Amino acid sequence: MRTASDPYFWFSWLRAIACLSVVFYHLNQIRPIANLTEFDWDLYRFSENFDVVVSFFFILTGAGISIRYWTAIFGGETAPSAKQAFWKRLAKLAPAYWVALFASFLLALVMKDFSWEWIVRLLSGIFFLSWAHPSTFFPVEINGPLWYIPFDVVGSAMAFWTMHVLSSVQKTRIPAYFAAIFGLLVLWHLAYSRIPFPVVPGIMSEWFPRYNPFSFGWHFMIGILTGAALVWGTRKNGNPSFLWDAVWLALAIFLWNVLWDYRILGDFDKTWLGTPFHFPLVPALIAWLIGIVPFTRIIAPAFELGAFRFLGKISYSVYLWHAMAIFLLSRYAFPEHHTVFAEWVRLACSVAIAAIGMGWASSVFLERRLTKHLLWKWKNQAIGKYCSNRKS
């Protein structure tokens, strides 16, 4: 079994499936729903629960960030610099996101009537602050899924800061410090939820302020615990076992049944403090599914095939661009997708192909090249600053 030094060696297929689930979720929102049978209607409502994949991404990110720190903590080694690690992650996320943000803004200028409010929304998105107000929550008029990225950046900063704190204290005090950090997030969520924000039209009247960095921070905290379990299990030389395959499948079936039962509920039912994604039951089940994967004998190797690794590598870019593919193809190539099911199926297949192609191009030319350039530039600046300090 491989070591936990590579934080993503078991995550490729998880990210691939999560990415495809997001694309399907947004396609499901525009499928024809007239004259559906009872089962088809239930299936449609069940598919609307696929938005829990956002929690999946947050937990996966928290686990991936924490693994290197838990490896150092359990091994009695020096933890990596949280500041450098955060800037490295930001250099990976920001370039492709900014390009997608500006491209979406320009497309909106062409396709819709301009509003000066768009400028404020765009600026808030550029600086990852769109979560701060309901009117800026969606940083652009087209490509709504970009709302997720500022939350990911803020949540990642929380996760790095949390691991910096935990790696700086005695092991016996880690549970108390972690509980205190989680408690602070709860208090901040309660305080944030009581700010008298204005009511805005659209979905934000339901989402805001329930969608905030502090409630989502709980999902990152679950991810951090998942990372601890992964490292601890690996250090205990836990060999893959068919038993874990059985446990994983049982949990997956249970999660499936929970989401099926929740299809008749609202987005904020069966959840703690009115937060999204049915916290804590659904996120806890997701965390278990992530944490058990490396100890399975069949499931992990089966999904580490080349196709899943490829989709896993481009999953972030696919997320950035798939909404634009849906918008353009549904508007110009498949205008009857709302009424003709066969037309919607053709739209879904075309979106999948286009999103993967756009995601690959973005991954190669934006994520990798621009990230490499930014890291090289920041590294040279850091070296120059260090040299000037030495001379002084």
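The values are calculated or read from the model by the stated rules, or taken from the named source; none is laboratory data. Since we're looking at a predicted model, the values are computed, not measured. Positions of Cβ are generated from backbone atoms using ideal geometry, with glycine treated the same way; all protein chains shown enter the neighbour counts. With ligands, DNA and RNA removed, areas are computed over all heavy atoms of the protein, side chains included. Shrake-Rupley method; radii C 1.70, N 1.55, O 1.52, S 1.80 Å.
Inside region 306-340, can you point out the residues that are touching a residue at least 12 places away in the same chain (Cβ under 8 Å), assigned to a loop (DSSP other than H, G, I, E, B) and either open to solvent by 40 Å² or more (accessible area, probe 1.4 Å) or under 27 Å from GLU367 (Cβ atoms) (or both)?
HIS338, THR339, VAL340
Can you name the residue in region 78-111 that is among the small types (Gly, Ala, Ser) and in contact with a Phe, Trp or Tyr (Cβ under 8 Å, 6 or more places away or on another chain) and, of all such residues, is farthest from PHE160 (Cα to Cα)? Write out each step before concluding.
Narrowing region 78-111 to residues among the small types (Gly, Ala, Ser): 79, 81-82, 85, 91, 94, 96, 100, 103-104, 108.
Adding the requirement that they be in contact with a Phe, Trp or Tyr (Cβ under 8 Å, 6 or more places away or on another chain) leaves 79, 82, 85, 91, 96, 100, 108.
Numbers: ALA79: 11, ALA82: 5, ALA85: 8, ALA91: 15, ALA96: 22, ALA100: 26, ALA108: 35 Å.
In this case the residue turns out to be ALA108.
Can you tell which of TRP218, TRP207, TRP244 is farther than 25 Å from VAL153 by Cα and of a type outside the set (D, E, K, R)?
On the way: TRP218 fails: farther than 25 Å from VAL153 by Cα; TRP207 fails: farther than 25 Å from VAL153 by Cα.
Sole residue among the options that is farther than 25 Å from VAL153 by Cα and of a type outside the set (D, E, K, R): TRP244.
With respect to SER124, determine if the residue is hydroxyl-bearing (Ser, Thr, Tyr), assigned to a helix (DSSP H, G or I) and in contact (Cβ under 8 Å) with a residue 60 or more places away in the chain.
no
Applying the selection to region 101-118, what residues are open to solvent by less than 50 Å² (accessible area, probe 1.4 Å) and assigned to a loop (DSSP other than H, G, I, E, B)? Can you show your working first?
First pass over region 101-118, keeping only residues open to solvent by less than 50 Å² (accessible area, probe 1.4 Å): 101, 103-105, 107-108, 111, 115, 118.
Of everything in region 101-118, just one residue is open to solvent by less than 50 Å² (accessible area, probe 1.4 Å) and assigned to a loop (DSSP other than H, G, I, E, B), namely SER115.
Inside region 187-206, can you point out the residues that are under 14 Å from TRP147 (Cα atoms) and in contact with a helix residue (DSSP H, G or I) (Cβ under 8 Å, 6 or more places away or on another chain)?
Of the residues in region 187-206, the ones under 14 Å from TRP147 (Cα atoms) are 203-204.
Residue satisfying the conditions is MET204 alone.
Which residues, counting only those in region 292-303, are buried (at least 16 other Cβ atoms within 10 Å of the Cβ) and either free of Cβ contacts under 8 Å to residues at least 60 places away in the same chain or outside any helix (DSSP H, G or I) (or both)?
First, pick out the residues of region 292-303 that are buried (at least 16 other Cβ atoms within 10 Å of the Cβ): 292-296, 299-300, 303.
Residues satisfying the conditions are ILE292, THR296, ILE299.
Please verify whether region 81-100 includes one or more residues that are modelled with pLDDT of 90 or more, of a type in the set (Phe, Trp, Tyr), crowded, with 24+ Cβ neighbours inside 10 Å and in a helix (DSSP H, G or I).
Looking through region 81-100, at least one residue is modelled with pLDDT of 90 or more, of a type in the set (Phe, Trp, Tyr), crowded, with 24+ Cβ neighbours inside 10 Å and in a helix (DSSP H, G or I).
What is the one condition in (1) at pLDDT below 90; (2) of a type in the set (A, V, I, L, M, F, W, C); (3) crowded, with 19+ Cβ neighbours inside 10 Å; (4) under 23 Å from ILE203 (Cβ atoms) that TRP13 does not satisfy?
It is condition (4) that TRP13 fails.
Sort out which residues of region 232-290 are among the hydroxyl-bearing types (Ser, Thr, Tyr) and surrounded by fewer than 13 Cβ atoms within 10 Å (Cβ to Cβ), and write them in order of number.
Start the filter on region 232-290 by keeping residues that are among the hydroxyl-bearing types (Ser, Thr, Tyr), which leaves 234, 241, 262, 271, 275.
If the condition is that a residue be among the hydroxyl-bearing types (Ser, Thr, Tyr) and surrounded by fewer than 13 Cβ atoms within 10 Å (Cβ to Cβ), then SER241 is the only one that fits.
Select from region 184-209 the residues that are under 30 Å from ILE292 (Cα atoms) and open to solvent by 30 Å² or more (accessible area, probe 1.4 Å) and list them in ascending order.
LEU184
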